[in-house]
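Readers should treat all values here as calculations from the given coordinates under stated rules, not as data from a laboratory. Worth saying up front: this structure is predicted, and the values here are computed from it rather than measured. Virtual Cβ from ideal backbone geometry, glycine too; neighbours counted across all protein chains shown.
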Amino acid sequence: MPLSIATWNINSVRLRIDLVCAFLEAERPDVLCLQEIKCIEGNFPAGAFRKLGYEHQVVHGQKGYHGVAVVAKVPITEHVRRGFCGKDDARHVAVKIGGGELPIVLHNFYVPAGGDEPNPDVNEKFAHKLAFLEEMKGWLRGAETLGPAILVGDLNVAPLEQDVWSHKQMLGVVSHTPVETQLLEAVIEAGGWIDAMRHFVPPEEKLYTWWSYRAADWEASNRGRRLDHMWVTSPLRGRLLGLEVKREARGWNRPSDHVPVILRLAA
DNA sequence: ATGGCTAACAACGTTAGA
């Protein structure tokens, strides 16, 4: 059975539920992973998703900020919400889908942004980000040996030179500093992950999923970053079918600063 | 080099995003 997975940092699921529903009606992905839902589970707009056929839902929320969720048309057979760095903030949920012979484990992450100053000695948010990525690396080590798995989410790191509008000007900016990009590559390496977005878009080509709210004209200045990611383990390499970055979503009315990304897998 | 915007909330300034 072909499978489509979408990921989207929605920056408040309650404020933008109409945008999310329009996206789901147009694209009909089997699974949607959301980050920054900014609400507790009890305030998650479950009914709106259910109406569209997304009746399988796992929410890991908290009040006001952060928070992740998975909604699916296909059954979710297992789920786990993991805490990182000894905190109880809501930054991860994993689900198991395709419960038959070859189930797929799907991880949905929201990695800490890391604040402004890229120095862990003076900026505890940056220290938290690095510790979070280190913990991901250890926990997901050898992921490919365990079978089909997908990891998506807002990882808040743009690892490649063409993942930012200016590699040179971004080297000292949190999200593209060498310590972060090398650590993210180490997470990929340790898990045996395949960068599914770059499987389809060559690394020489610019690719962004986020544009700042602060630009007067996001499209004209086009100072984007690829902060959102979709990875798969090697058992899924042969099933990679297609990728869509829904850039136009950044131009919708009252948009998220991130756009949705859709990965399609063959049967 | 700076500043620019958006969202949540025991809310009308503060904290967070990145």
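Enumerate by residue number the chymotrypsin sites (Phe, Trp or Tyr not before Pro) in the stretch A:135-220 meeting two conditions: DSSP loop (anything except H, G, I, E, B), and at most 11 other Cβ atoms within 10 Å of the site's Cβ. Numbers along the way, then the final one.
Values: sites: A:Trp139, A:Trp165, A:Trp193, A:Phe200, A:Tyr208, A:Trp210, A:Trp211, A:Tyr213, A:Trp218; in loops: A:Trp165, A:Tyr208, A:Tyr213.
Taking the stretch A:135-220 and a limit of 11 other Cβ atoms within 10 Å, the loop chymotrypsin sites (Phe, Trp or Tyr not before Pro) found are A:Tyr213.
Total Lys pairs in chain A closer than 17 Å by alpha-carbon, pairs eight or more apart in sequence or interchain only?
Value for chain A: 10.
Taking the Cβ of A:Pro118 as the centre, find all other residues whose Cβ is under 14 Å away and add up their charges (Lys, Arg: +1; Asp, Glu: -1).
Details: positive: A:Lys125, A:Lys129; negative: A:Asp116, A:Glu117, A:Asp121, A:Glu124, A:Glu180.
After counting each charged neighbour, the total is -3.
If one computes the Cα centroid of the stretch A:223-253 and of the stretch A:113-153, what distance in Å separates the two points?
19 Å
Taking the Cα centre of chain A as origin, sum charge times position over the Cβ atoms of Lys and Arg (+1) and Asp and Glu (-1), and report the length of that vector in debye to the nearest 20. Let's see the in-between values first.
Details: 31 positive and 33 negative charges, 118 e Å.
That gives chain A a dipole magnitude of about 560 debye.
With +1 on the Cβ of every Lys and Arg and -1 on the Cβ of every Asp and Glu, and nothing else charged, how large is the dipole of the stretch A:130-207 about its Cα centre, in debye rounded to the nearest 20? Working shown, then result.
On the way: 5 positive and 12 negative charges, 6 e Å.
About 40 debye.
Restricting attention to the alpha-carbon atoms of the stretch A:1-126, what are Rg (one decimal) and Dmax (integer), both in Å?
15.4, 50
May I ask for the longest run of chain A untouched by GluC sites (Glu not before Pro) that are loop-located per DSSP and have at most 16 neighbouring C-beta atoms (other than their own) within 10 Å? Intermediate results must be reported in sequence, preceding the final value.
Working: sites that count: A:Glu55, A:Glu101, A:Glu204, A:Glu205.
Longest stretch, sites excluded: A:102-203.
Within the stretch A:4-97, report the chymotrypsin sites (Phe, Trp or Tyr not before Pro) that DSSP leaves as loop and that have at most 16 other Cβ atoms within 10 Å.
Working: sites: A:Trp8, A:Phe23, A:Phe49, A:Tyr54, A:Tyr65, A:Phe84; in loops: A:Tyr54, A:Tyr65, A:Phe84.
The qualifying sites are A:Tyr65.
Given the DSSP H assignment, sum -39500 (n - 2.57) over each helix run of at least 4 residues in chain A and divide by its residue total; what's the result at 222 nm in deg cm²/dmol, nearest 500? If you can, show how the numbers build up before the last one.
On the way: 7 runs with 60 residues, N = 267.
When only DSSP H runs of four or more count, the value is -6000 deg cm²/dmol.
Just to be sure I understand the model, the point goes 7 Å from the Cα along the line to the Cβ. What's the resulting A:Leu52 to A:Ala190 distance in nm?
3.5 nm
Quick one: work out Rg over Rh on the C-alpha atoms of chain A, Rh as Kirkwood radius.
Details: Rg = 17.2 Å, Rh = 18.5 Å.
With Rg and the Kirkwood Rh in hand, the quotient comes to 0.93.
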